[in-house]
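Trainee: This is the structure I have questions about; it appears just below.
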Amino acid sequence: MVTTLSPCWYCSGLINQFGSTRVVIGESTTFKGGEDWLEEQGVEIIRLTNPECVGLMTEFSERYPDAWNEDIGQE
Ligand SMILES: [Zn+2]
């Protein structure tokens, strides 16, 4: 699986449940979900820390704070 942003806990559970073996993550700077837990479950995690992905998610969170905080922005 390839994601722009670190997978949230819901997505992390599904990744594990459906047996994905590798997740490529664009960035975990603006939000860090369950990637460490997935790694502990044996899923290969590839962290790109891609500036374009960081910029995309930063711009989104600043432009649409209500949408961001409705779900992913809250801890
Ligand atoms: Zn999710």
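What follows is calculated from the coordinates using simple rules that are stated; it is not laboratory data. All values reported here derive from a predicted model rather than from experimental measurement. Cβ sites come from the backbone with ideal geometry, for glycine too, and all protein chains shown count toward neighbours.
Trainee: Residue by residue through the range 47-75, note down the ones that are without any contact (Cβ under 8 Å) to a residue 40 or more places away in the chain, within 22 Å of residue 22 (Cα to Cα) and within 14 Å of the chain's Cα centre (by Cα). Spell out how you get there, then give the answer.
Mentor: Start the filter on the range 47-75 by keeping residues that are without any contact (Cβ under 8 Å) to a residue 40 or more places away in the chain, which leaves 47-52, 54-55, 58-70, 74-75.
Pick out the ones that are also within 22 Å of residue 22 (Cα to Cα) and you get 47-52, 54.
Across the range 47-75, the qualifying residues are 47, 48, 49, 50, 54.
Trainee: How many residues does the range 29-46 hold that are away from the ligand (no atom under 16 Å from the Cβ) and more than 22 Å from residue 17 (Cβ to Cβ)?
Mentor: Looking only at that region, the number is 1.
Trainee: Looking at (1) of a type outside the set (Gly, Ala, Ser); (2) touching a Lys or Arg at 6+ places or on another chain (Cβ under 8 Å); (3) more than 16 Å from residue 11 (Cβ to Cβ), find the lone condition where residue 25 falls short.
Mentor: (3)
Trainee: Also, quick follow-up: Tell me whether the range 2-25 contains one or more residues that are over 8 Å from the mean Cα position of the chain (by Cα), of a type in the set (A, V, I, L, M), more than 13 Å from the ligand (Cβ to nearest atom) and exposed (fewer than 13 other Cβ atoms within 10 Å of the Cβ).
Mentor: We begin by selecting, within the range 2-25, every residue over 8 Å from the mean Cα position of the chain (by Cα); these are 2, 9-24.
This time we only want the ones that are of a type in the set (A, V, I, L, M), so: 2, 14-15, 23-24.
When the remaining residues are screened for being more than 13 Å from the ligand (Cβ to nearest atom), the result is 2, 24.
Going one step further and asking which of them are exposed (fewer than 13 other Cβ atoms within 10 Å of the Cβ), we end up with 2.
Looking through the range 2-25, at least one residue is over 8 Å from the mean Cα position of the chain (by Cα), of a type in the set (A, V, I, L, M), more than 13 Å from the ligand (Cβ to nearest atom) and exposed (fewer than 13 other Cβ atoms within 10 Å of the Cβ).
Trainee: Tell me, yes or no, whether the range 47-64 has at least one residue that is more than 16 Å from the ligand (Cβ to nearest atom) and among the aromatic types (Phe, Trp, Tyr).
Mentor: yes
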